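The values are calculated or read from the model by the stated rules, or taken from the named source; none is laboratory data. What you see is a predicted model; the values in this text were computed from it and never measured. Cβ: placed from backbone, ideal geometry, glycine included. Neighbour counts: every protein chain shown. SASA here: full protein model, heavy atoms, side chains in, ligands and nucleic acids out. Shrake-Rupley method; radii C 1.70, N 1.55, O 1.52, S 1.80 Å.
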Amino acid sequence: MGFSRDVGRRLDRALGENLIGLYLHGSATMGAFQYLRSDFDMLAVVERPLTKDEQRVVAELLMDPEMPCPGSGLELSIVTDASLDVESHSPPFELHLCTVPEARTFVDGHGHPGDPDLLIHYAVAREKGRAIIGPPPEEMFPLIPRSWVLEAMADELGWALANATPGYAVLNAVRALRYAYTGDFVSKQEGAYWFFRQRKNMMPVRLALKQHLGRAATGPTPEAAERFVGWALDEINRVRMDLDEDE
């Protein structure tokens, strides 16, 4: 929690009364955080859009290379309270920053088409998040339709196959499957352990989990990951279509 409070203090210096909420989500709130390996995922909510000066100060304070982080780096999106009244599958944002060294980035959300990943972040923060500043997450974040979340998860899996490691894609697929089947948000590890109990095609998941936990140098092959994720996508889309028909 020390790092979370440090982020809160820095955001308060940058934004003052404009800052109305700061929330921790992701692996750090699911009992699966790995020091030096996991991203530190956070969402901040502001009352009004950020000015250029506010964006600049946030970047200076939070992208400081000397700022200690217990994980691989900070990943933070700042959104307005009004934007939480979600009207599209790609909600707007004020800024997004990432301090993970190999993915270090700062994105100005003004004029940006939006970020579909925010749908999943909102849903996870509402169910599993922790308030550092502001009201409880269930009072701040909207209830996202389950079919919308599944669509965003399916899109993310397509991205993972093209851009991430095979093991990352496989573990994201099993936690997406867990959500599709049960409506529960879980970590990659918990998703893998749940999948083992289903007695399905376990080998790609087992290899991916061992790599994720640092117990093996390599995970599943790209070919095995593609087959597994393809099957998972078929299952996720089947559940999503059933939900659409029910609605």
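Each residue in segment 120-147 was checked for being open to solvent by 20 Å² or more (accessible area, probe 1.4 Å), touching a residue at least 60 places away in the same chain (Cβ under 8 Å) and farther than 16 Å from GLY21 by Cβ, and 2 of them qualify. For segment 22-57, taking the residues that are of a type in the set (A, V, I, L, M, F, W, C) and farther than 30 Å from PHE185 by Cα, the one that is surrounded by the fewest Cβ atoms within 10 Å (Cβ to Cβ) is identified as VAL57. There is no residue in segment 175-195 that is open to solvent by 90 Å² or more (accessible area, probe 1.4 Å) and more than 26 Å from ILE144 (Cβ to Cβ). If you go through segment 22-33 and pick out every residue that is of a type in the set (A, V, I, L, M) and in a strand (DSSP E or B), you end up with 2. Pairs meeting the criteria (first residue in segment 2-19 and farther than 16 Å from LEU43 by Cβ, second residue hydrophobic (A, V, I, L, M, F, W, C), beta carbons under 7 Å, at least 6 apart or on different chains) are ARG13/LEU61. When segment 196-228 is limited to residues that are among the polar types (S, T, N, Q) and free of Cβ contacts under 8 Å to residues at least 40 places away in the same chain, the one that is farthest from VAL149 (Cα to Cα) turns out to be THR218. Within segment 34-54, being more than 13 Å from the chain's Cα centre (by Cα), more than 17 Å from ASP81 (Cα to Cα) and either touching a residue at least 24 places away in the same chain (Cβ under 8 Å) or assigned to a loop (DSSP other than H, G, I, E, B) (or both) holds for GLN34, TYR35, LEU36, ARG37. Of all the residues in segment 105-160, those that are under 29 Å from ARG56 (Cα atoms) and of a type in the set (Gly, Ala, Ser) number 8.
Among the residues making up segment 66-85, those that are out of contact with any Lys or Arg (no Cβ under 9 Å at 6 or more places or on another chain), without any contact (Cβ under 8 Å) to a residue 60 or more places away in the chain and assigned to a loop (DSSP other than H, G, I, E, B) are GLU66, ASP85.
When every residue of segment 12-21 is checked against the conditions, at least one turns out to be open to solvent by 40 Å² or more (accessible area, probe 1.4 Å), assigned to a strand (DSSP E or B) and closer than 16 Å to GLU94 by Cα.
Going through (1) over 16 Å from the mean Cα position of the chain (by Cα); (2) open to solvent by 10 Å² or more (accessible area, probe 1.4 Å) one by one, THR99 falls short only on (1). Number of residues in segment 61-91 that are surrounded by 12 or more Cβ atoms within 10 Å (Cβ to Cβ), acidic (Asp, Glu) and over 19 Å from VAL124 (Cβ atoms): the value is 0.
Restricting segment 131-183 to residues that are more than 14 Å from the chain's Cα centre (by Cα) and basic (Lys, Arg), the residue that is farthest from GLY8 (Cα to Cα) is ARG178. Among the residues of segment 207-247, the one identified as within 24 Å of MET30 (Cβ to Cβ) and open to solvent by 100 Å² or more (accessible area, probe 1.4 Å) is ARG215. Any residue in segment 75-87 that is of a type in the set (Val, Ile, Thr) and over 25 Å from PRO142 (Cα atoms)? So far as segment 75-87 goes, no, none of its residues is of a type in the set (Val, Ile, Thr) and over 25 Å from PRO142 (Cα atoms).
Would you be able to tell me the number of residues in segment 1-11 that are within 20 Å of PRO49 (Cα to Cα) and open to solvent by 40 Å² or more (accessible area, probe 1.4 Å)?
2
Mind checking which residues of segment 193-235 are among the aliphatic types (A, V, I, L, M) and in a helix (DSSP H, G or I)? MET203, VAL205, LEU207, ALA208, LEU209, ALA224, ALA225, VAL229, ALA232, LEU233, listed by residue number.
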